[in-house]
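Asks: For reference, the structure I am asking about is given below.
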Amino acid sequence: MSETGCSKSLLLLTLLLAYLGQVPGEGGAFQRVFQTEETVRQNKAHEMRRQMNFRASPCSDFYEYACGNWETESTPLAKLEHRIDVDLMRLLEESAHRKDSALARQAKEFYQSCLVARAHQSQQQQDFLSDFIQQNGGFPAVPGSKWAAYNLEYNWAQVTGRLRRHYGMDILIGLRVSYNYASVQENSIYLSEPTTLIPRELCTKRHLNERDSAYKAIERLVATQLKTWLAMGNEESARLAGEIVSLEHELCGGMHGLEPWNAEQQLYTANFTRKTLSELSQLYDLDFKTYVSSIYDQTIFRPVYMAAPDYYRQLKRTLSIRNGTQIANYVMYRAVAALIFPLEDKPEHRPAYCLATVKRLLPAALGELYASQYVTEEFRLQLLQLYDQLKDALKRSVSADWLEEGSRRVAQRKLSDLQLILPSYEQPLALRLTLDRSNYWHNLRQLLDEVQAQQLKRQLEESPPMPADPVEAYETRVHYRPVQRRLEMGWALLQPPDYDERYGHALRYATVGTVLARQMATAFDELHWSIGLLEHDNWDPLTAYRYQNRSECFGRHVEEYLQHNSTATQLLINSSAGLNIAFNAYLTWLGLQAPNNDFVRLTKETLPGLNYSNTALFFLAFAQQHCNPKEQHYGEPNLWPTITYSVRQSHSWTRLAVNGPLRNLADFAREFHCPAGSPMNPSEKCTIY
């Protein structure tokens, strides 16, 4: 090839890699492509401008002004999480490096075996299913499953307990291990609602009618699965699907559609009965004792909490009119469905499925791989510095006059103890596995059993209990842990193109700063002041009364904008606090630059081509992290509609999440010259922190 041809090829390769945002590095790894500071800042300015609707008035609807031209079908957070998933899949596909821990190597080996596994009628899968069914009580609908051997002595509580022990499945009975809310220095067992085949939003006491189209669609799905997985005929699969879905439909009659289990939330809201397993077994006429003993392979004498009494009464009624064959068919269908590749499995979908499985079973291994690739000491120092400045701003807020002196001192001590914890992977422990890249089913059985064994061992630890869902490096979560008095934060929010230190501090405080500050403020909301977990950190009555008065102001704003909703009110309180804390921390940072006349640094606080001051840019960046796809117009088909709070098309929680906090900030109104009494500058402004 000529020198000119080589140059052109290299140029095309460079442009392609720049477009992808990655270039090859040592050892097969990929690094972010280098771009000059000016290019990075111009690209960010262009991106922000492209999302804006300049026909809208910032003083009427700032969300529309900032996000009116958002044309992507997902949110900024969803886009970020998709990019992270792509990065994780790439990291898992790489060959093992010397720096990889044994756990990371196991994750790569398991992921590779998942990618190459044949779905559905492969011999390895059939052998796995045959052994699995025979070892777990049998499947009456499947010829040769040895159901006759279990028929007379089938014990569904024992079978489902073993499935929980070895495979982590919650079938018929839900079991959670969380802090004992009566004594947070130990764990306790909670009997809760189990997972369901029917989507949780439909599986409630107000459950869907059997004639509804959604119900029929679920039946058809189950029938198709049975035909595909177990080679059943049309008539037999349809009959069995009807029985399976009918049984669960009845169980839904005792469910409340509860949110996913939140261990920290239960500390403040739980009010459950606590009894021994023998007492609960007698009270509900269900064999809880056998179920739990099958999980832990020992008798549990310590009392447990009953978190779903209505459900277990309904479970007893439902099972009492079913025979053992029907119960076993339901249990084994649910078990097989949790293990087998989905019906829509295709080569292009398999990597995402395998990644989700690794996330569920080996999250720490993924965290290690992600942190070693993308986390730098510079990022860590930037984040810790930001956190310290946010703490200083919040300290001024909890020192306000409306708090009585005693509550003020308690709040300052509580804030002083609140630490930011970032994921660390210095010595990850490998699992006892013998993996075979050519046999996914063999690997899956081993991995599930080993992961469950480790979890059960951790759950039996007396003190102190640790979170069951630690935040990993690849996550966008920021989570408040009241028992440990800390915030846990992943590194994903600090990845380009969403975050780049070259954008300036205004964007840093407006995005990462507000997310972090919102969780910090959670530690000081009404819920987390209502009960003293580790000490007497409650408000005094006068401070509590003043907080309630201030929160009613937010309630009126929510009611005017949407309709009365206590959840939306609390979200608005926390979002407003996060915005105020981050903005005040940014103003303090600016003040620290002014005495040094650091003109060069201050000029970086705006972006080229955007005619906005640094503080206006702060408000714009805050708004754009909440951009959502356009609301669906009435009359458009939508199989899974989201909850709406208002019949007014221009009013939604998404808009209130932006407009609500900003309209309470006088600095915003001054920055955008909003007249008094305009929608974004109301006469009544609400503030707590």
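Asks: Treat each spin label as a single point 7 Å out from the Cα along the C-beta direction, and report the Asp345 to Arg409 distance in nm.
Replies: That separation, rounded to one decimal, is 6.4 nm.
Asks: If you don't mind, there's one more thing I want to ask. Cβ under 11 Å from Tyr689's Cβ, Tyr689 left aside: what net charge do those residues give with Lys, Arg +1 and Asp, Glu -1?
Replies: Net local charge, Tyr689 excluded: +3.
Asks: Could you list the GluC sites (Glu not before Pro) in the stretch 198-279 that lie in coil according to DSSP, counting only those with at most 13 other Cβ atoms within 10 Å of their Cβ?
Replies: Listed in order of number, the matching sites are Glu201, Glu210.
Asks: I would also like to ask the following. Can you pull the one-decimal nm distance between simple spin-label points at Asp85 and Arg437, each 7 Å off the Cα toward Cβ?
Replies: 2.5 nm
Asks: Hey, can you rank 447-455, 364-372, 155-163 by average C-beta count inside 10 Å, highest first?
Replies: Most protected by this proxy first, the peptides run 364-372, 155-163, 447-455.
Asks: What number, in percent, do you get for the relative contact order of the chain if the mean sequence gap of Cα pairs under 8 Å and at least 6 apart is divided by its residue count?
Replies: Once normalised by length, the contact order is 19 percent.
Asks: Continuing with this model, one more query. In percent, what relative contact order does the stretch 120-339 have, based on Cα pairs under 8 Å that are 6 or more apart in sequence?
Replies: Contact order relative to length: 28 percent.
Asks: Checking a compactness column here: for the stretch 120-339, what do you get for Rg(Cα) / (2.2 N^0.38 Å), N being the number of residues?
Replies: 1.04
Asks: May I ask for the distance between the Cα centers of the stretch 330-361 and the stretch 252-316, given as a whole number of Å?
Replies: If we compute the Cα centre of each part, the gap is 28 Å.
Asks: As an exercise, use a Förster radius of 35 Å and the Cβ-Cβ distance of Arg670 and Arg55 to find the FRET efficiency, rounded to the nearest 0.05.
Replies: Using R0 = 35 Å, I get an efficiency of 0.90.
Asks: Which trypsin sites (Lys or Arg not before Pro) from the stretch 479-529 combine a DSSP loop assignment with at most 11 other Cβ atoms within 10 Å?
Replies: none
Asks: If you don't mind, another one. Could you sort the peptides 40-52, 566-578 by per-residue average Cβ neighbour count (10 Å cutoff), highest mean leading?
Replies: Output ranking for 40-52, 566-578: 566-578, 40-52.
Asks: Going by average Cβ neighbours within 10 Å, how do the peptides 186-192, 293-299, 387-393, 509-515 rank, with the highest at the top?
Replies: Result, highest mean Cβ count within 10 Å first: 509-515, 186-192, 387-393, 293-299.
Asks: How far is the Cα center of the stretch 130-206 from the Cα center of the stretch 381-424, in Å?
Replies: A separation of 44 Å, based on Cα centres.
Asks: Let me ask something else. For the chain, what are the DSSP H helices with axial Cα length of 24 Å or more and mean Kyte-Doolittle hydropathy of at least -0.5?
Replies: What comes out of the filter, once short or polar helices are dropped, is 3-20, 76-93, 213-230, 234-251, 566-593.
Asks: Starting with the fewest neighbours, write out His256, His505 ranked by other beta-carbon atoms found within 10 Å of each beta-carbon.
Replies: Going from least to most buried by this count: His256, His505.
Asks: Based solely on its DSSP helices, what 222 nm [θ] is calculated for the chain when runs of n ≥ 4 H residues each add -39,500 (n - 2.57) and the sum is averaged over all residues, nearest 500 deg cm²/dmol?
Replies: -17000 deg cm²/dmol
Asks: Working out 0.36 nm times the residue gap between Arg485 and His97, then minus their Cα-Cα distance, what length gain in nm do you get to one decimal?
Replies: In short, 136.1 nm is gained.
Asks: Which of the trypsin sites (Lys or Arg not before Pro) across the stretch 185-280 are loop residues per DSSP, with 12 or fewer other Cβ within 10 Å?
Replies: Those satisfying the criteria are Arg206, Arg211.
Asks: Just for the chain, what percent of DSSP beta bridges are antiparallel, to the closest 5?
Replies: Roughly 80 percent of the beta bridges in the chain run antiparallel, per DSSP.
Asks: Here's another thing I want to ask about it. Which order results if Asp667, Asp401 are arranged by neighbouring Cβ count within 10 Å, fewest first?
Replies: Ranked by crowding around the Cβ, least crowded first: Asp401, Asp667.
Asks: Now a separate question. Bin width 5 Å, origin at 0, all Cα-Cα pairs of the stretch 538-632: what percent of pairs per bin?
Replies: For the stretch 538-632, the pair-distance distribution reads 2, 10, 13, 15, 17, 12, 11, 9, 7, 2, 0.
Only the coordinates and a few stated rules stand behind these numbers; no lab work does. Given the structure is predicted, the values throughout are model-derived calculations rather than measurements. We place every Cβ from the backbone using ideal geometry, glycine too, and count neighbours over all the protein chains shown.
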